[in-house]
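Let me begin by presenting the structure, written as structure tokens, before commenting on it.
The values are calculated or read from the model by the stated rules, or taken from the named source; none is laboratory data. Being a predicted model, the structure only gives us computed values, none of them experimental. Backbone-built Cβ (ideal geometry, glycine too); neighbour counts: all protein chains shown. Remember, those area values only see protein heavy atoms, side chains included, never the ligands or the DNA or RNA. Shrake-Rupley method; radii C 1.70, N 1.55, O 1.52, S 1.80 Å.
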Amino acid sequence: MFFSEAGARPRTCEASPSEHRKWVEVFKACDEDNKGYLSREDFKVAVVMLFGYKPSKIEVDSLMSSINPSTSGILLESFLNIVRKKKEAQLYRNEIRHIFTAFDVHYRGFLTLEDFKKAFRQVAPKLPERTILEVFREVDQDSDGHISFRDFEYAMKCGQKEA
């Protein structure tokens, strides 16, 4: 897909020393009784503290099934890894939102073919219009002539997987 060539790539991020300290502090604060690990309930509280939302049962189940069964919960190193990956995903989503907003010059919450053409004329003036039309049609899966942020985000992420 075209977007994989557009340069939108998730960035790996190293936590600053202060972020790392904060994550460790949250782990310790949520580790009831100083067990050395976070139970599923402890983990939910930690996510609320760090990201401001309560993770779904599906998200927690998926995470808990991926940890070492010999441990009773999420150890500090695993927790730090999970938090780093969640932060990377959050940053990547914010980048995608920023790109979408730059394309959505009329602030309508969707993109039209004309929005697409105008944006690509600015960032890739030599790109054939035929290619822009093909990309638009591929992303506009319901063929309604509009691309929502959700469609745009999906296309950017799928393009990343193909790269």
Given Cβ point charges of +1 (Lys, Arg) and -1 (Asp, Glu) and nothing else, what value in debye, to the nearest 20, does the dipole of region 15-163 about its Cα centre take? 320
In the structure displayed, which of Lys54/Lys86; Lys44/Lys157; Lys54/Lys157; Lys22/Lys57 lie more than 21 Å apart, Cα to Cα? Lys44/Lys157; Lys54/Lys157; Lys22/Lys57
Please determine, in degrees from 0 to 90 and to the nearest 10, the orientation of helix 40-51 with respect to the longest principal axis defined by the Cα atoms of the chain, where the helix direction is its Cα long axis. 50
Could you compute how much accessible surface His146 exposes when probed at 1.4 Å, giving the result in Å² to the nearest 10? 70
Would you mind telling me the share, in percent, of accessible area of region 19-160 contributed by carbon and sulfur at probe 1.4 angstrom? 53
Virtual spin-label span in nm between Glu41 and His20, 7 Å along Cα→Cβ: 3.2
All other residues with a Cβ under 12 Å from the Cβ of Lys22 taken together, and with Lys, Arg as +1 and Asp, Glu as -1, what is their net charge? +1
Normalised contact order of region 33-147, rounded percent, pairs of Cα under 8 Å and 6 or more residues apart: 18
Counted charge near Phe100, where neighbours are those whose Cβ lies closer than 15 Å (Asp, Glu -1; Lys, Arg +1): 0
Rounded to the nearest whole Å², what accessible area per residue is found for the chain with the 1.4 Å probe? 63
Longest principal axis of the chain (C-alpha) makes with the long axis of helix 57-66 (C-alpha) an angle, in degrees to the nearest 10, of 70
Förster radius 25 Å - calculated FRET efficiency between Arg121 and Gln90 (Cβ-Cβ, nearest 0.05): 0.20
The simple spin-label model distance between Met49 and Phe149, using points 7 Å out along Cα→Cβ, in nm, is 2.9
Burial-style ranking of 54-63, 87-96, average other-beta-carbon count within 10 Å with highest first, yields 87-96, 54-63
Rg/Rh of region 16-75 (Cα atoms, Kirkwood Rh), to two decimals, equals 0.97
Answer with a single label: of (i) 14.0, 37; (ii) 16.2, 53; (iii) 20.2, 63, which was calculated as Rg and Dmax of the Cα atoms in Å from the structure in view? (iii)
By how many degrees, between 0 and 90 and to the nearest 10, does the Cα long axis of helix 17-30 differ from the longest principal axis of the chain? 50
Once the piece of chain linking Asp142 and Glu59 is laid out straight, how much longer is it, given 0.36 nm per residue of separation minus the C-alpha distance between them? 27.0 nm
